[in-house]
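Novice: Quick one: this structure, given as structure tokens, is what I'll be asking you about.
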Amino acid sequence: MIFSRGNGGVSWIVVGLGNPGKSYESTRHNMGFLAADGLADKEGFTFNKLRFRAWTALWRCGGEQVLVMKPQTYMNLSGEAVGEAARFYKVSPDHVLVISDDISLPAGKLRIRPGGSAGGHNGLKNIIAHLGSDQFPRIKIGVGIPQDVGADTIDWVTSRPSREDEKVLMAALDKAVEAVPYLIAHGPTEAMNKFNG
């Protein structure tokens, strides 16, 4: 894989998806925010600038300069922030790594993909629209589906997980944090082979 170096030396953008505000903290839909926070804790950087309508940090990962962002636009408009940052830094979609929740995966299951459809996820759908491509890598963290038939999926993803699910989700978040620098260094195919157990 050839790493094109964008404007200002940034060659990768890592995006954790979620909703801002106290009421959404630690909900299933905020797995991307939680993974980004975990990455910051592990790698020792801080989200200290509000740019592109997102909390942002610059992180040196190996030889790559990475912009890590948590869009503050609310989930369904995440693409507005991501598209703005990608255009500013001239980073191509294949160097935009998005971390999100996924209700189609069992709670705690991690799945890495090099690209593809939004799969009904409105945050991913909006990013596809603003990047003009669905060929960007993503790390999906399974949050499971509600057991009650006919239950509202929006209520499900914007609620806090059970204590039992919380344990497996915490383990999945640790794995997602580990996967980010690995994917940047080795590309999505090798990351899929390593983490999509």
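The values are calculated or read from the model by the stated rules, or taken from the named source; none is laboratory data. Just so you know, these numbers come straight off a predicted model, no measurement behind them. All Cβ positions, glycine included, derive from the backbone under ideal geometry; neighbour counts span all protein chains shown.
Novice: Any residue in the range 112-124 that's under 22 Å from THR153 (Cα atoms): show its pairings with residues that are of a type in the set (Val, Ile, Thr) and buried (at least 17 other Cβ atoms within 10 Å of the Cβ) at Cβ separation under 7 Å, as long as the two are six or more apart or on different chains.
Specialist: The qualifying pairs are ALA118/ILE128; LEU124/VAL98.
Novice: Collect the residues in the range 22-51 that are modelled with pLDDT of 95 or more and of a type in the set (Gly, Ala, Ser), keeping them in residue-number order.
Specialist: Selection gives GLY32, ALA35, ALA36, GLY38, ALA40, GLY44.
Conditions tested, residue by residue: (1) within 12 Å of TRP12 (Cα to Cα); (2) of a type outside the set (Val, Ile, Thr); (3) buried (at least 24 other Cβ atoms within 10 Å of the Cβ).
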residue	(1), (2), (3)
LYS90	yes, yes, no
LEU97	yes, yes, no
ASP101	no, yes, yes
ALA107	no, yes, no
ARG113	no, yes, no
GLY116	no, yes, no
GLY123	no, yes, yes
ILE127	no, no, yes
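Novice: Inside the range 76-88, can you point out the residues that are without any contact (Cβ under 8 Å) to a residue 12 or more places away in the chain and crowded, with 19+ Cβ neighbours inside 10 Å?
Specialist: None - no residue of the range 76-88 is without any contact (Cβ under 8 Å) to a residue 12 or more places away in the chain and crowded, with 19+ Cβ neighbours inside 10 Å, so the list stays empty.
Novice: Look through SER78, SER100 and report the one residue that is assigned to a strand (DSSP E or B), within 18 Å of HIS130 (Cα to Cα), of a type outside the set (Phe, Trp, Tyr) and in contact with a helix residue (DSSP H, G or I) (Cβ under 6 Å, 6 or more places away or on another chain).
Specialist: After applying the criteria, what remains is SER100.
Novice: Any idea how many residues of the range 13-62 are out of contact with any Ser or Thr (no Cβ under 8 Å at 6 or more places or on another chain), in a strand (DSSP E or B) and of a type in the set (Val, Ile, Thr)?
Specialist: 3
Novice: Also: Under the condition of being more than 20 Å from ALA35 (Cβ to Cβ) and at pLDDT 95 or above, which residue from the range 132-181 is surrounded by the most Cβ atoms within 10 Å (Cβ to Cβ)?
Specialist: This residue is ASP134.
Novice: Please work out if SER92 is touching a residue at least 60 places away in the same chain (Cβ under 8 Å) and more than 17 Å from ILE139 (Cβ to Cβ).
Specialist: yes
Novice: With respect to the numbered conditions (1) more than 25 Å from ALA81 (Cβ to Cβ); (2) out of contact with any Gly (no Cβ under 8 Å at 6 or more places or on another chain); (3) aliphatic (A, V, I, L, M), which one is the sole condition not fulfilled by ILE139?
Specialist: With respect to (1) more than 25 Å from ALA81 (Cβ to Cβ); (2) out of contact with any Gly (no Cβ under 8 Å at 6 or more places or on another chain); (3) aliphatic (A, V, I, L, M), ILE139 is out only on (1).
Novice: Any idea how many residues of the range 95-111 are touching a residue at least 60 places away in the same chain (Cβ under 8 Å) and out of contact with any Ser or Thr (no Cβ under 7 Å at 6 or more places or on another chain)?
Specialist: Summing the residues that are touching a residue at least 60 places away in the same chain (Cβ under 8 Å) and out of contact with any Ser or Thr (no Cβ under 7 Å at 6 or more places or on another chain) in the range 95-111 gives 11.
Novice: Which residue is farthest from GLY79 (Cα to Cα), if the candidates are limited to the range 93-131 and must be β-branched (Val, Ile, Thr) and modelled with pLDDT of 95 or more?
Specialist: Once the filter is applied, the top-ranked residue is ILE112.
Novice: Kindly provide the set of residues from the range 35-65 that are surrounded by 23 or more Cβ atoms within 10 Å (Cβ to Cβ) and under 21 Å from LYS109 (Cβ atoms), ordered by number.
Specialist: Within the range 35-65, ALA35, ALA36, LEU39 qualify.
Novice: Would you check which residues across the range 164-186 are out of contact with any Asp or Glu (no Cβ under 9 Å at 6 or more places or on another chain) and farther than 21 Å from GLY18 by Cβ and list them?
Specialist: GLU164, HIS186, listed by residue number.
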